[in-house]
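Report on the structure given below.
What follows is calculated from the coordinates using simple rules that are stated; it is not laboratory data. This structure is a prediction, so every number in the text was calculated from the model and none was measured. Glycine gets a Cβ as well: all are built from the backbone with ideal geometry, and neighbour counts include every protein chain shown.
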């Protein structure tokens with residue numbers, strides 16, 4: 001496996017009506033709505049699943065490095081470079097109503 005990696009901050013809004021990337025916050029964090037409630041790590045697990053699906057990578061390639069019990073998370077995503085990540089995310093952000 002190549003050592004491509006993206007590190008970013010994510011602000012999670014759990015308990016939302018749908019899973020949705022809504023854009024970037026003023027501080028540069030990616031803002032993501034997640035349907036799961038923050039109980040027993042369910043929101044973290046759903047965040048990992050959603051990101052893996054969007055980025056077309058394995059869930060095991062996503063690591064929540066900090067903020068396991070916080071809405072603000074430090075995340076590393078392996079197997080994708082920053083350009084590919086930004087392209088996939090920007091397409092989703094611009095598709096939102």
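Structure summary
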| read-out | value |
| --- | --- |
| Reciprocal mean inverse distance between Cα atoms of the range 1-86 - Kirkwood radius, Å | 12.9 |
| Protection-proxy order for peptides 31-40, 60-69, each taking the mean of Cβ atoms within 10 Å per residue, highest first | 31-40, 60-69 |
| Cα centroid of the range 55-97 to Cα centroid of the range 27-42, whole Å | 12 |
| The range 1-64: antiparallel DSSP beta bridges as a percent of all, rounded to 5 | 50 |
| The range 5-95: relative contact order in percent, alpha carbon pairs under 8 Å with at least 6 residues between | 33 |
